[in-house]
Amino acid sequence: MSNCHTFVTFAGLFRPGARANIRSMDDPNVKGALAEQAIVLAAIKLGVPVLKPVSEHGRTDLALDVADRLWRVQCKWGRLSPAGDVIVVATGCSRCVPTGYVRNTYTDREIDLFGVYCGALDRCFLLPASLAAGKHAMHLRLSPPRNSQRACINLAEAFDFEGAIAQLGERCHGMAEVAGSSPASSTSQDPEPTTVGSNFFRTRSATGWSASPAERR
């Protein structure tokens, strides 16, 4: 009798013409929430502790605890291009003000990493913040360009989430060993190198990750 009553009660909730409160996948907030949860899940699968701020709408969505350091992450949705060969990532942000929308970008002083989730591929990627700092968008190529261009190309495979986490751990471990090899005062302080007619990321390693100028000294 109880089961029958329960059935009748729930049946009454689904009236003809009633609409479920389901938000569209076209909603940027829904995509952002999905991207964030996908990145959290990917990190947990790798055994990486994830920390989240107690309040929302900050510059950092979460932090990853890798190699005894907290890495501030801004999570983004990656859209697959119509041709299926490029992941388009909107790395900027916008907010509504009385006069309209204000567009802004992130700096590598605010965050350390961009976490990207491509829903069409169900894959996560991790990018150094300096790679997209000051930019409103960037592209991750799933295949090399037909014209064999190599400069200024960001191959998605180079930023695969699992591989990037492993490289973060290795880099931090190597930096700790170098720092402990001799007192800081005993090492010479070389001036910052001058770069002429080139961009640092054009000559980065094939893995997509490389040390910052300060780390290379």
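Only one of (1) modelled with pLDDT under 95; (2) surrounded by 12 or more Cβ atoms within 10 Å (Cβ to Cβ); (3) part of a strand (DSSP E or B) fails for A63. Which number is that?
(1)
Scan region 109-135 residue by residue and report those that are farther than 24 Å from L41 by Cα and in contact with a Ser or Thr (Cβ under 6 Å, 6 or more places away or on another chain).
A133, G134, K135
Hey, G58 hits all of (1) assigned to a helix (DSSP H, G or I); (2) out of contact with any helix residue (DSSP H, G or I) (no Cβ under 9 Å at 6 or more places or on another chain) but one; which does it fall short on?
(1)
For region 145-153, check the following and say yes or no: at least one residue is at pLDDT 60 or above, on the phi > 0 side of the Ramachandran plot and assigned to a loop (DSSP other than H, G, I, E, B).
Looking for residues that are at pLDDT 60 or above, on the phi > 0 side of the Ramachandran plot and assigned to a loop (DSSP other than H, G, I, E, B), one finds at least one in region 145-153, hence yes.
For region 105-133, which residues satisfy the criterion of being over 15 Å from G92 (Cβ atoms), of a type in the set (D, E, K, R) and surrounded by fewer than 15 Cβ atoms within 10 Å (Cβ to Cβ)?
R109, D122
What's the number of the only condition in (1) touching a residue at least 60 places away in the same chain (Cβ under 8 Å); (2) assigned to a helix (DSSP H, G or I); (3) not polar (S, T, N, Q) that G78 fails to meet?
(2)
State the number of residues belonging to region 14-51 that are outside any helix (DSSP H, G or I) and at pLDDT 95 or above. Outline the logic, then answer.
If we filter region 14-51 for residues that are outside any helix (DSSP H, G or I), which is where we start, we get 14-27, 46-51.
From the residues that got through so far, the ones that are at pLDDT 95 or above too are 46-51.
Counting residues in region 14-51 that are outside any helix (DSSP H, G or I) and at pLDDT 95 or above gives 6.
A120 is checked against (1) assigned to a loop (DSSP other than H, G, I, E, B); (2) within 12 Å of A156 (Cα to Cα); (3) among the hydrophobic types (A, V, I, L, M, F, W, C) and fails just one. What number does that condition carry?
(2)
The values are calculated or read from the model by the stated rules, or taken from the named source; none is laboratory data. Since this is a predicted model, take the numbers as computed values, not measurements. When we count neighbours, we look across all protein chains shown, and the Cβ atoms used for this are built from the backbone with ideal geometry, even at glycine.
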